[in-house]
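Q: Here it is: the structure, laid out below.
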Amino acid sequence: MISLPNWVQYARRPSLLITWLKEGTNTPESLVGATITALRAVEPLSNVAVPVTGTFEVTDGPGGVFRWDLGEEDVATAGTLQVQFTATYTTGPSPAKTFRVRWRIEGSL
């Protein structure tokens with residue numbers, strides 16, 4: 001399970017440090033050898049999704065930790081959005097996907 005902090009529209013810093021835990025546990029999903037990508041809902045709670053424009057870097061593969069450097073489009077829409085992360089592995093069964101994660105982006109003043 002992954003949780004994302006509430007965010008402010010248009011804010012791209014700081015980067016998000018995310019730990020991918022296996023659903024219903026405190027056990028990290030191994031991200032050793034994985035490349036992370038993500039889709040985000042075009043509108044809050046829609047089934048139409050587009051690729052996240054930011055970049056990802058696995059920072060602790062065995063611990064399931066990765067960093068999301070937010071792209072401009074990632075934080076352009078205020079509301080409660082959904083994000084789904086994918087880990088693509090170079091060996092073994094692939095890919096792994098998270099369940100949809102709710103992400104609240106508050107409108108900027």
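What follows draws every value from the coordinates through simple rules; no lab data is involved. Every value quoted in this text rests on a predicted model; they were computed, and no experiment measured them. Heads up, the Cβs are rebuilt from the backbone with ideal geometry, glycines too, and the neighbour counts pull from every protein chain shown.
Q: Return the residue satisfying two criteria in turn: it lies in the range 60-79 and is in a loop (DSSP other than H, G, I, E, B), among the hydrophobic types (A, V, I, L, M, F, W, C) and surrounded by 15 or more Cβ atoms within 10 Å (Cβ to Cβ), and of such residues it is farthest from the chain's Cα centre (by Cα).
A: Our first condition is that a residue be in a loop (DSSP other than H, G, I, E, B); within the range 60-79, this holds for 61-64, 70-72, 76-78.
Narrowing further to those that are among the hydrophobic types (A, V, I, L, M, F, W, C): 70, 76, 78.
Then drop every residue that is not surrounded by 15 or more Cβ atoms within 10 Å (Cβ to Cβ), which leaves 70, 78.
Values: Leu70: 10, Ala78: 16 Å.
By that ranking, first place goes to Ala78.
Per-residue answers, yes or no, for (1) farther than 20 Å from Arg100 by Cβ; (2) among the β-branched types (Val, Ile, Thr):
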position: Ser15; (1), (2): yes, no
position: Thr19; (1), (2): no, yes
position: Leu31; (1), (2): no, no
position: Ala34; (1), (2): no, no
position: Val48; (1), (2): no, yes
position: Gly63; (1), (2): yes, no
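Q: Now, a different point. What number of residues within the range 22-37 are buried (at least 17 other Cβ atoms within 10 Å of the Cβ) and touching a Gly at 6+ places or on another chain (Cβ under 8 Å)? Show your work before the answer.
A: Keep residues of the range 22-37 that are buried (at least 17 other Cβ atoms within 10 Å of the Cβ), which gives 29-31, 34, 36.
Still in the list and also touching a Gly at 6+ places or on another chain (Cβ under 8 Å): 29-31, 34.
Total meeting the criteria: 4.
Q: Residue by residue through the range 33-53, note down the ones that are in contact (Cβ under 8 Å) with a residue 40 or more places away in the chain and either assigned to a loop (DSSP other than H, G, I, E, B) or not basic (Lys, Arg) (or both).
A: Here is the first cut: in the range 33-53, the ones in contact (Cβ under 8 Å) with a residue 40 or more places away in the chain are 33-41.
If the condition is that a residue be in contact (Cβ under 8 Å) with a residue 40 or more places away in the chain and either assigned to a loop (DSSP other than H, G, I, E, B) or not basic (Lys, Arg) (or both), then Gly33, Ala34, Thr35, Ile36, Thr37, Ala38, Leu39, Ala41 are the ones that fit.
Q: Can you work out which of the residues in the range 84-104 that are touching an Asp or Glu at 6+ places or on another chain (Cβ under 9 Å) and not aromatic (Phe, Trp, Tyr) is nearest to Asn6 (Cα to Cα)? Please lay out each step first, then the result.
A: First, pick out the residues of the range 84-104 that are touching an Asp or Glu at 6+ places or on another chain (Cβ under 9 Å): 87, 96, 98-99.
If we keep only those that are not aromatic (Phe, Trp, Tyr) too, we end up with 87, 96, 98.
Values: Ala87: 23, Ala96: 25, Thr98: 19 Å.
Taking the candidates together, the pick is Thr98.
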